[in-house]
Amino acid sequence: MNKTFRFLAFAIAIALIAVAAVPSAQAAQTVNLVLMGWSSSPSENERLQKIVDDWNAANPDIQVTLNQVPDYDTTLQKSLAGGEPPDVFYVDSFRFLDLVRADALMPIGDKLTDIEDFYPALRNAFTANGQFYCPPKDFSTLALQINTEMFEAAGLSAPTTWEEMRAAAEKLTKDGVYGVVVPADFARWIAFLYGAGGSVTDDEFTKMTINSPEAAEALKFYTDLYIDGFAKTPADLGVGWAGEAFGKGLVAMAFEGNWIEPYLKDQFPDLKHKAVELPAGPAGKATMAFTVCYAVPMKAKNPDAAIKFVDYLTGAQGMKAWTDLGLAMPTRASLRQGWLEKFPNLEPYLNGAEYARKWQFVPGFQAVLDKVNEQLSLVMSENQTVSGALAEIERVGNEVLASR
Amino acid sequence: MSTGAIAQQGFGARGFALPPNTGKIVRAVLTYAVLILFALAMIMPFVFAVVNSFKELPDIAANPMRLTPGVRADGTPYSWTLQGYERALTTQQINFPRAIFNSFFIAILVTIMRVLFNSLAGYALARIRFPGRGFAFAALVGTLMVPGIVLLIPRYLVLSQLGWIDTYWALLIPYFADAFGIFLMKQFFESIPREIEEAAEIDGASRFRMFFVIILPMAVPALTAMAIFAFQGTWNDFQGPLIALNLNRDLYTLPLALAFLRGVTGDAIQWDLMLAGSVITTLPMAVIFFIFQRFFIEGVSYTGVKG
Amino acid sequence: MAVAAPSLGNQGGFRLSAKAQERLAGFTFILPALIIIIAFIFLPLLSAFLISFTNWNGLQPPTEAAGVGLANYARIFGLDGTTVVRDEFFVAIKNTFYYTLGVVPTQTILALVLAFIVNQQFLRFRGFFRVAFYFPSITSSIVIATIFLWLFNRNGVINGVIGGVANFLGLQYTPVTWINDANGIIHNFLRLFGLTARTAPAWMTETNVLGQTIWQWISGPSVTMLAIMLLAIWTTTGTMMLIFLAALQDIPRQLYEAASVDGATRWQQFRLITVPMLRPTTFFVLTIGLIGCFQVFDQIYVISQGNPAGTTKTIAWIVFRNLRDSQAGLGAALAFVLFVIIAIFTIFQRRLVGKTVQQ
């Protein structure tokens, strides 16, 4: 009878060993790289795939697989924690400092072609401890989209100041259409904060400066649009994001980045619209710049191949192929003119780059971001006062800044 | 309302001026009305989802309530379409046909192995005396209370140490046994009269033979219940594949594929695609459910009585 | 009795004593399951426990993290003088508590009532109703959340149905933005009586308890959370009904017959036979309901991601958020606090239900 037992035990042991010993080695002839990113619009995904395909055709020794993953932050975090990050991956400027502090990124800036050509502000967004870590793949700024048909029908011209924008929103709110769509999102409101002359923290990130009269004015302006009934959030309108509300003609204005342009062209080809710079606040014009870089991990298995590939993607040729989609703007000054000739209607976005602020704070600032979004939402639903919201954001922010 | 017979007596005894049957009829009507209302509440969301998955995108947005295609603003009618399905099945980022295969492959294998391993372990805990049995049981019960979310990252670390990330192993082996199933089997084996085993023991049967030849055939209802739960749980699991897979999209199971599908369309959710994906994800399970509904119902009923 | 009886056929060779055989059999039977549970539950659990005492950021292998003692736990309860983590934790406690309080009793009572109705002898199509009620339970949480996200859209089916009914009754209905409405339902109720944040007495709006005013504590679940609660009730009621139904059918008919011969009224029969016989099942249903509610995650992940205004942040959600946002050590500590909360509630509930059995 013991034979059966011994056999069973033996079989299980063998099975476990066999399972544990599954070979993971690969042939060493060609280098295989994985490029990991998030996926946004189908047109963007297709374009990037084509660029990667072109690279693969031209470089048989370095084959790249593009992988656009669903829950990007979680996926990246798991890869890094497990010690096997992808060879090249997207890093948002907001997340960049977290990753640098964790020693997760390899500084590859000095191994790239002609880095002086990148706009200094964008290079700066990916520079820490005096090192340029990763080249910006593209950038976007916020601008105001206006529905020209609605504006013409109402006899309005594009607003250039806050007052004009509010007046237009008021006038255009009728027949089930709202003046403007205002997401309860720090990444949008912050442009108004800067437009009012306010700031989030001091320059050294030692304390919050957001509890100021300027910030109060910006918060009041933004939330009053909503409270007074001239604005709605995307969810109120039953849509996923501001661009969709604008495309469907549910609102006459929206402030979004240039990613909205190919989306509108794709989904709402008949919509008559144009982009203008964000209306100037009491302290003048302001907008935000959002940028993402191609990073190589500190623990890269094939750093040389990865750097070569990144250099192609962000080099003059690769970047031109990518930004010719009109989705995002080239980060190289040398490509500016050619791009503008191709997309003259996108000039307001590029003009915004002159005075745009970067979307970047300090590691751990996510908690403050969450707090601002929460308070925005509370003020909009009249469950919080403007001064109460700013005091609360200041308190939480100071604690985060103090604990780092 | 505890049982029908007694309740009917109660009603019948009352001497209202109404005809004697009225109480019964009112009660029957009320009963059916309540049940039909709830049944509709349970089924209608799926009906709406399935019907709309065959409509055109603007039609879904404009007339979600209509169970037939609606009419455009200019008076022309919308038509039925398979566009959502076509796009879901052909999108480049996600291989839905492969995900269907993966879901079946993984769910079937996990079910078979889990039934085997859980019943072996449950039997040992119920009937075999060996050192550490009490401790093993207490530890098992403890794991029932562990929030799945705790294990998210650490389990990834274990899997990556084993080199199993992005392989089938990571989707299979960790699920070959589970505390709840072992607990269920233990309860069941404890309910079998000891005399049966004692008789077998006198005949000189080994534990191994006793288990496979005598005990296991008696356990078919419990095994069915567990198999159903194993299959259903594995088929619908989201967090498991989310942990185990990173870059290998060929191994996505259906729930992950559906979550990924949302990413494909960006911020603006394209509902024809999402609803079609939801139907594709649910359909195989629904077919299995309707074929084996008796076992599902018995299985669930079983856990309650034994738990 | 016969356990120790030596078997007859000792056909030569090495042979273990009966006791050793028994032990060997025990180990062999339990080994496969044990290895899996140790490797994929205990080991990760242990490492999560260790991680909860470090400042691991989740962006490097955990071996590179530094120990911080009890600092993560101190932050959760605000013992180190900071408030950010503590406040978020208590917001999550509040949200999870309202969620559980809404879902568990509702689904249990609904399931029980439905089980009684379906159990009536005259009922036809019983099979159909059982299948219909159970169907939502076989569907993946991701599918259900996706479909509900669509149904609860502002221009979606739910608002359409309510609007239709309101229209039929001649009432006015302003569509609710289900998935983005941070207003608490108790606040909404109080507003009917003119009580809002502005008119509430000062002791309510100015007394701060663990980061929130009393007024905020009594908000009730937000409208968005209510939608997620409806989803949960909708999904699980069917399963629980089946469990109750099986228990009802398990009660021996003779008990009722004997009772009715003894002259017991229907109410007495219900109280003295049905209720006690259903008690273990009720405990089981309450326990799985409670554990499920405390862990609610998939639905939050798909539908609201903790929004709007943090009103759908649950404990499991903030665990996930911290793991993802470079605070994995803190996330692990939060997870263990959640574990302890679940354990305490389960034990407390067992005591409570156990006690009433004695009466």
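A:L376 satisfies every condition listed in (1) part of a loop (DSSP other than H, G, I, E, B); (2) within 14 Å of chain C (Cβ to nearest Cβ) except (1).
Checked against (1) of a type in the set (S, T, Y); (2) in contact with a Lys or Arg (Cβ under 7 Å, 6 or more places away or on another chain); (3) within 11 Å of chain A (Cβ to nearest Cβ), B:Y252 meets all criteria but (2).
Only helices (runs of 4 or more DSSP H) whose full extent lies in region B:135-242 are considered here, and the ones with at least 3 residues that are more than 8 Å from every other protein chain (Cβ to nearest Cβ) and charged (D, E, K, R) are B:194-202. Checking each residue in region A:219-232 for being in a loop (DSSP other than H, G, I, E, B) and surrounded by fewer than 22 Cβ atoms within 10 Å (Cβ to Cβ) picks out A:D228, A:G229. Considering C:I243, C:I228, C:I218, the condition of being in contact with a helix residue (DSSP H, G or I) (Cβ under 9 Å, 6 or more places away or on another chain) and more than 30 Å from A:V182 (Cα to Cα) is satisfied by C:I243 alone.
Given the criterion open to solvent by 30 Å² or more (accessible area, probe 1.4 Å), modelled with pLDDT under 90 and under 30 Å from C:N57 (Cα atoms), identify the matching residue among A:S381, A:S403. That would be A:S403, the only listed residue that is open to solvent by 30 Å² or more (accessible area, probe 1.4 Å), modelled with pLDDT under 90 and under 30 Å from C:N57 (Cα atoms).
Among residues of region C:283-309 that are within 13 Å of chain A (Cβ to nearest Cβ), those with a Cβ under 6 angstrom from a residue that is of a type in the set (S, T, N, Q) and in a loop (DSSP other than H, G, I, E, B), sequence gap 6+ or separate chain, pair up as C:S304/C:T312; C:G306/C:T312.
Given (1) farther than 25 Å from A:A242 by Cα; (2) outside any helix (DSSP H, G or I), identify the lone condition not met by A:G179. Of everything listed in (1) farther than 25 Å from A:A242 by Cα; (2) outside any helix (DSSP H, G or I), A:G179 misses just condition (1). Being open to solvent by 10 Å² or more (accessible area, probe 1.4 Å), among the aromatic types (F, W, Y), more than 8 Å from chain C (Cβ to nearest Cβ) and more than 30 Å from C:Q60 (Cβ to Cβ) is a description that does not apply to B:F96.
Out of C:K355, C:K313, one residue alone is at pLDDT 85 or above, out of contact with any Pro (no Cβ under 9 Å at 6 or more places or on another chain) and either surrounded by fewer than 18 Cβ atoms within 10 Å (Cβ to Cβ) or not in a helix (DSSP H, G or I) (or both). It is C:K313.
Restricting attention to region B:57-79, the residues being part of a loop (DSSP other than H, G, I, E, B), under 31 Å from the mean Cα position of the chain (by Cα) and not hydroxyl-bearing (S, T, Y) number 4.
Looking only at residues in region A:31-48 that are among the polar types (S, T, N, Q) and facing chain B (nearest Cβ under 7 Å), the one that is farthest from A:V310 (Cα to Cα) is A:S41.
Residues that are closer than 30 Å to B:V141 by Cα and touching a residue at least 40 places away in the same chain (Cβ under 8 Å): does region C:270-277 have at least one? Taking every residue of region C:270-277 in turn, at least one turns out to be closer than 30 Å to B:V141 by Cα and touching a residue at least 40 places away in the same chain (Cβ under 8 Å). Among helices (runs of 4 or more DSSP H) entirely within region C:99-174, having at least 2 residues that are closer than 14 Å to C:T235 by Cβ singles out C:126-134, C:141-151. Flag set for C:A39, criterion: open to solvent by less than 50 Å² (accessible area, probe 1.4 Å), within 12 Å of chain B (Cβ to nearest Cβ) and not aromatic (F, W, Y).
The residues of region C:249-276 that are among the hydrophobic types (A, V, I, L, M, F, W, C) and surrounded by fewer than 17 Cβ atoms within 10 Å (Cβ to Cβ), listed by number, are C:L255, C:A258, C:V261, C:W267, C:L272, C:V275.
Screening B:L247 on (1) touching a strand residue (DSSP E or B) at 6+ places or on another chain (Cβ under 9 Å); (2) among the hydrophobic types (A, V, I, L, M, F, W, C); (3) over 30 Å from A:S79 (Cα atoms) shows it passes everything except condition (3). Once region A:111-153 is narrowed to residues that are under 22 Å from the mean Cα position of the chain (by Cα) and part of a loop (DSSP other than H, G, I, E, B), the residue that is farthest from A:G326 (Cα to Cα) is A:Y133.
Taking the conditions exactly as written (at pLDDT below 90, over 28 Å from A:I393 (Cα atoms) and more than 9 Å from every other protein chain (Cβ to nearest Cβ)), does C:A65 satisfy them or not?
yes
Number of residues in region C:76-89 that are assigned to a helix (DSSP H, G or I), open to solvent by 30 Å² or more (accessible area, probe 1.4 Å) and touching a Phe, Trp or Tyr at 6+ places or on another chain (Cβ under 9 Å) equals 1.
When residues in region B:241-258 are screened for being of a type in the set (G, A, S) and either surrounded by fewer than 24 Cβ atoms within 10 Å (Cβ to Cβ) or in contact with a Phe, Trp or Tyr (Cβ under 7 Å, 6 or more places away or on another chain) (or both), 1 of them pass. Within region A:313-329, not a single residue is assigned by the TED database to the domain that holds A:G198, crowded, with 16+ Cβ neighbours inside 10 Å and in a helix (DSSP H, G or I). Within region A:79-97, the residues that satisfy the criterion of being open to solvent by less than 20 Å² (accessible area, probe 1.4 Å) and not in a loop (DSSP other than H, G, I, E, B) are A:S79, A:L80, A:A81, A:V88, A:F89, A:Y90, A:V91, A:S93, A:F96.
Mind listing just one residue for me: the one in region C:140-155 that is of a type in the set (G, A, S) and open to solvent by less than 10 Å² (accessible area, probe 1.4 Å) and, of those, farthest from B:L254 (Cα to Cα)? It comes out as C:A145. Checking B:V158, B:V141, B:V150 one by one, the residue that is touching a Pro at 6+ places or on another chain (Cβ under 6 Å) and farther than 29 Å from A:E44 by Cβ is B:V158 and no other. Does C:F116 qualify as being closer than 17 Å to C:V337 by Cα and out of contact with any Lys or Arg (no Cβ under 9 Å at 6 or more places or on another chain)? No. Considering only residues in region A:124-137 that are in contact with a Pro (Cβ under 7 Å, 6 or more places away or on another chain) and open to solvent by 10 Å² or more (accessible area, probe 1.4 Å), the one that is farthest from A:F89 (Cα to Cα) turns out to be A:Q131.
Considering region C:103-139, the residues that are in contact (Cβ under 8 Å) with a residue 24 or more places away in the chain and open to solvent by 30 Å² or more (accessible area, probe 1.4 Å) include one that is nearest to the other protein chains (Cβ to nearest Cβ), namely C:R130.
Residues that are in a helix (DSSP H, G or I) and open to solvent by less than 60 Å² (accessible area, probe 1.4 Å) were ranked within region C:186-211; the one that is farthest from C:I93 (Cα to Cα) is C:A202.
The values are calculated or read from the model by the stated rules, or taken from the named source; none is laboratory data. Keep in mind that this is a model prediction, so the values were computed, not measured. When we count neighbours, we look across all protein chains shown, and the Cβ atoms used for this are built from the backbone with ideal geometry, even at glycine. Side chains included, ligands, DNA and RNA excluded: accessible areas come from the protein's heavy atoms. Shrake-Rupley method; radii C 1.70, N 1.55, O 1.52, S 1.80 Å.
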